[in-house]
Every structure is written in C-alpha cells, then in structure tokens.
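A short write-up of the structure that comes next.
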Amino acid sequence: VRSVVEGAPELGIDVLTLYAFSSENWKRPQDEVGYLFGLLKQYLLSEIAELDANEVELRFIGDWERLPADLVTLLRGALDRTAGNKGLKLVIALNYGSQDEILRAARRIAVDAAAGKIDPDAIDEAFFEAHLDTAGLPPPDLIVRTSGEMRLSNFLMWQAAYAEFV
C-alpha cells in the first residue's frame, strides 16, 4: 500500500481508491475480521504522520461508522488530521458494498422527495451521483484487480461504468 500511495502522484494519479473491507467481509470468520481491523489500525497508526506530511487527504466510503467504536474514533482522527491536504486523495472503502451505497443514496433521495424537498423530475445522473459516497470525486479511469479477477465484486459499480480493467 505504501508503494502504491507514494507512486500514485508520480504517475499523475489524483485519486486512489482502495477496497479495504467490503460489506461482504462480515461473513468471514470472526478472527479473520478482527485481523483485518487490526491491520487497518496498524496502518493508520504507523502511516498517518507520513500521509499528512505528504499532503495526502484521506476519505472513507461505505458504512464505515458501523465498524468497532475504537476503529471509528481512529478513522475520524485520521480524517480530521488530513482534512484540507492538497495532495493525493486516498479513498479507503470500509464496510463498503456498491449495492448498499446505491440503496442508501436512493433512500435519502426518496425521503427528500416524499417530504417535498425535491422534485422527482429533477433527479438525473448528476443529482444521483451527488448522493453517493463518492460525491465530488471523479469516476475511476482504471480498476486494478490484483487477484486477477475480472469482475467488480460489488465495488464502485455505478462509478466504474466506463473504467478499464487490469
């Protein structure tokens, strides 16, 4: 991860999204889930100072606030520390599933439409995208599957409509 984060800006990459924990990962054995959370904690604790010094701005997508409370506290601290940095935007997908993201966005829009806050006829692609976790970020140009799989695996399904696979 460190090599990719360090190399991305050198390659002209402004936004890098890493799939760290999918919403489907909860189905794994509990000790494995705990291990994955431990890796994330270790990464943040050991790398946050360098990320901040290199002007990396962290962002999290997914339903990450449902993770264990101590991890959420650490994540919020990392967000606060890197807020406003002007370098690479490092987006980490945590408790993320694209179908869940789309459903959460649709629910928020439906609530506002039912309350009369928005006109359903005003809902277009740009409006919908503004309600996704990735609002304000460009769509990915490239999806890299390190496992060699050639499927989305519930990752950025809306956003990756025109992305290339490697």
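For a quick check of your reading of the model, give me the residue pairs whose first member lies in region 124-144 and is charged (D, E, K, R), whose second is open to solvent by 80 Å² or more (accessible area, probe 1.4 Å) and not in a loop (DSSP other than H, G, I, E, B), with beta-carbon atoms closer than 9 Å and at least 6 apart or on different chains.
What qualifies is ASP141/GLU164.
Which one of these is crowded, with 17+ Cβ neighbours inside 10 Å, in contact with a helix residue (DSSP H, G or I) (Cβ under 8 Å, 6 or more places away or on another chain) and farther than 25 Å from GLN159 by Cα: ILE48, ILE61?
ILE48
Could you please tell me which pairs satisfy a Cβ distance under 9 Å, a separation of 6+ or placement on different chains, a first residue in region 148-162 that is within 16 Å of ASN95 (Cα to Cα), and a second residue that is open to solvent by 20 Å² or more (accessible area, probe 1.4 Å) and among the acidic types (Asp, Glu)?
Listed by first residue and then by second, the contacts come to SER153/GLU24; ASN154/GLU24; ASN154/ASP100.
Restricting to region 1-41, and then to whatever is in contact with a helix residue (DSSP H, G or I) (Cβ under 9 Å, 6 or more places away or on another chain), among the hydrophobic types (A, V, I, L, M, F, W, C) and not in a helix (DSSP H, G or I), can you tell me which residue is least open to solvent (accessible area, probe 1.4 Å)?
Only one residue tops the list, namely PHE21.
Please determine, by comparing only the residues of region 72-114 that are open to solvent by 70 Å² or more (accessible area, probe 1.4 Å) and without any contact (Cβ under 8 Å) to a residue 24 or more places away in the chain, which one is farthest from ALA161 (Cα to Cα).
In this case the residue turns out to be THR73.
Could you say which residue among ASP80, ASP52, ASP121 is part of a helix (DSSP H, G or I), over 20 Å from ARG28 (Cβ atoms) and at pLDDT below 95?
Just one listed residue meets the conditions, ASP121.
So how many residues does region 115-153 have that are surrounded by 14 or more Cβ atoms within 10 Å (Cβ to Cβ) and within 26 Å of VAL1 (Cα to Cα)?
Filtering region 115-153 down to residues surrounded by 14 or more Cβ atoms within 10 Å (Cβ to Cβ) leaves 118, 123, 128-129, 131-134, 137, 139-140, 143, 145, 152-153.
If we keep only those that are within 26 Å of VAL1 (Cα to Cα) as well, we get 132-134, 137, 139-140, 143, 145, 152-153.
Summing the residues that are surrounded by 14 or more Cβ atoms within 10 Å (Cβ to Cβ) and within 26 Å of VAL1 (Cα to Cα) in region 115-153 gives 10.
The values are calculated or read from the model by the stated rules, or taken from the named source; none is laboratory data. Computed from a predicted structure; not experimentally measured. Here Cβ is always computed from backbone atoms with ideal geometry, including for glycine, and neighbour counts include all displayed protein chains. The area values use the complete protein model at the heavy-atom level, side chains included, leaving out ligands, DNA and RNA. Shrake-Rupley method; radii C 1.70, N 1.55, O 1.52, S 1.80 Å.
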